[in-house]
Amino acid sequence: MLRIFYISAATRFATARELDDILAVSRERNLADQITGLLLYHDGSFAQILEGPDEAVRNCFERIKADDRHVGCRKLLEEEIEERYFNDWSMGCALSAAPAA
């Protein structure tokens, strides 16, 4: 199994609805790919931990890097793991969104 931790900057401040949409899609895909993790968003910055089968985590990270809703995607950690930190979370979250427009 593999764990990747990255940070990035949103191209614009996200609303609560946009963040909810990101989470809904992420949770669905992650459940299918056996990926768990945590997504943090605050003041235009993302931080995320992904963990699960090596190929699934790498493919997910490549999709994330290609997403135009953020820039400066920087991998801070990639490590082989034996146990997950977030075993029961398809994607846990802590989000602080911009007010709705």
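Toward the positive end of the charge dipole of the chain, with +1 on the Cβ of Lys and Arg and -1 on the Cβ of Asp and Glu, the farthest Cα among 46, 35, 24 is that of 46. Look at the alpha carbon pairs under 8 Å that are at least 6 residues apart: their mean separation over the length of the chain gives a relative contact order of 50 percent. From most to least packed by mean Cβ count within 10 Å, the peptides 2-9, 71-78 give 2-9, 71-78. Rolling a 1.4 Å probe over the protein heavy atoms gives the range 8-101 an accessible area of 63 Å² per residue. In a simple Cβ point-charge model (Lys, Arg +1; Asp, Glu -1; nothing else charged), the chain has a dipole of about 420 debye relative to its Cα centre.
The values are calculated or read from the model by the stated rules, or taken from the named source; none is laboratory data. Everything numeric here is computed off the predicted structure, so don't read it as measured data. Positions of Cβ are generated from backbone atoms using ideal geometry, with glycine treated the same way; all protein chains shown enter the neighbour counts. Ligands, DNA and RNA are stripped out before the accessible areas are found, and what is left, the full protein with its side chains, is counted by its heavy atoms. Shrake-Rupley method; radii C 1.70, N 1.55, O 1.52, S 1.80 Å.
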